[in-house]
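Engineer: A single structure is presented below for examination.
The values are calculated or read from the model by the stated rules, or taken from the named source; none is laboratory data. The structure displayed is predicted, hence computed values, not measured ones. Cβ placement follows ideal geometry from the backbone for every residue including glycine, while neighbour counts extend to all protein chains displayed. Quick note on the areas: whole protein, heavy atoms, side chains included, nothing else; ligands and nucleic acids left out. Shrake-Rupley method; radii C 1.70, N 1.55, O 1.52, S 1.80 Å.
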Amino acid sequence: ISGTYGSACVAAQMLADRYPQGGKVRVIDSLAASSGFGLLAECAADVRDSGASLDETAAWIEEHKLNLHHWFFSTDLSSYLRCEGGLSPREKIRTKKRAISEMAKTMMAHVQDGADYSGKCIMSHSACREDAEAVAALIEEQVPQLKGKIEINNIGTLIGSHTGPGTVALFFMGDKRVD
């Protein structure tokens with residue numbers, strides 16, 4: 001999120017000024033939030049662990065950050081009246097059961113390698129774990145090659161203050177996002 005990125009740039013410059021012969025720091029605007037940022041960090045760690053240098057890992061993140069998908073639904077939109085960020089509604093879906101089904105379909109339409117996807121998938125929720133578990137079960141049925149079970153986290157306080165209760169978010173690597 002923009003404030004975090006700006007603060008990281010300031011901190012990197014302070015370190016460079018204080019330790020001109022010191023180590024390298026790369027600051028990247030991930031264009032990600034919540035568990036999406038965590039998934040991108042896990043992917044970057046895998047790249048690093050495969051033997052990539054710091055510069056190669058940073059280049060991988062820049063090249064692939066738009067392949068990280070963030071999809072979510074909320075059962076109550078009243079908290080969004082305060083939100084002035086960059087969220088774009090894609091579709092209005094009636095009934096939670098249909099929203100759960102559509103989220104799994106959306107992943108299948110965008111996920112890297114379709115049903116053969118072997119990467120990670122992370123979900124977050126705000127006070128509706130059962131809904132997140134329902135989406136996870138549908139995805140795990142359709143994508144048997146997932147790297148481990150789908151991790152389900154609580155949405156943090158910052159994001160949760162904008163979404164309110166009843167939000168389920170899904171994060172995975174897929175086709176390049178265009179908007």
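Engineer: Using packing as a proxy for protection, rank 48-57, 25-34 so that the peptide with the highest average count of other Cβ atoms within 10 Å comes first.
Structural biologist: Result, highest mean Cβ count within 10 Å first: 25-34, 48-57.
Engineer: With the calculation restricted to Cα positions, what are the radius of gyration and Dmax of the chain in angstrom?
Structural biologist: Looking at the chain, its Cα Rg and Dmax stand at 17.6, 58 Å.
Engineer: Can you list residues whose amide H is under 5 Å from Asn154's amide H, if they're 5+ apart or on another chain and H is modeled 1.01 Å from N?
Structural biologist: The answer is His125.
Engineer: With N set to the number of residues, divide the alpha-carbon radius of gyration of the range 10-66 by 2.2 N^0.38 Å and report two decimals. Could the numbers behind the result be given before it?
Structural biologist: Numbers: Rg = 12.6 Å, N = 57, 2.2 N^0.38 = 10.2 Å.
My calculation over the Cα atoms of the range 10-66 gives 1.24.
Engineer: Next question, about the same structure. Quick one: putting +1 on the C-beta of Lys and Arg, -1 on the C-beta of Asp and Glu, what dipole do you get for the chain around its Cα centre, in Debye to the nearest 20? Before the final figure, lay out the partial values.
Structural biologist: Values: 19 positive and 23 negative charges, 93 e Å.
The dipole of the chain has a size of about 440 debye.
Engineer: Moving on to the next point. What accessible area per residue, rounded to a whole number of Å², is obtained for the chain using a probe radius of 1.4 Å?
Structural biologist: Averaged over the residues of the chain, the accessible area is 60 Å².
Engineer: When a/c reaches 1.5 or more, the comparison of a/b and b/c decides; with that in mind, is the range 121-179 rounded, prolate or oblate per its Cα gyration tensor?
Structural biologist: Numbers: a/c = 2.35, a/b = 1.35, b/c = 1.74.
Oblate shape, in that a/c is at least 1.5 and b/c is the bigger or equal ratio.
Engineer: Can you run phi through the Karplus equation (6.51, -1.76, 1.60; θ = phi - 60°) for the range 153-165 and list ³J(HN,Hα) in whole Hz, with x for Gly and Pro?
Structural biologist: The phi angles translate into 10, 7, 5, x, 5, 5, 5, x, 5, 8, 8, x, x Hz.
Engineer: Under the Karplus relation 6.51 cos²θ - 1.76 cosθ + 1.60, θ = phi - 60°, what is the ordered set of whole-Hz ³J(HN,Hα) values for the range 139-147, x standing for Gly and Pro?
Structural biologist: Using θ = phi - 60°, the values come out as 5, 5, 5, 8, 10, x, 8, 3, 7 Hz.
Engineer: Okay, next question. Normalised by the residues of the chain, what does the relative contact order come to in percent, with Cα pairs under 8 Å and at least six apart? Kindly include the intermediate steps, with their values, before the conclusion.
Structural biologist: Working: 238 pairs, mean separation 53.3, N = 179.
Result for the chain is 30 percent.
Engineer: Ignoring ligands, DNA and RNA, what percent of the accessible area of the chain is carbon or sulfur (1.4 Å)?
Structural biologist: Numbers: 5920 of 10790 Å².
Answer for the chain is 55 percent, counting heavy atoms of protein chains only.
Engineer: How big is the accessible area of His70 in square angstrom, nearest 10, if you roll a 1.4 angstrom probe over the protein chains?
Structural biologist: Counting only protein heavy atoms, His70 exposes about 50 Å² to solvent.
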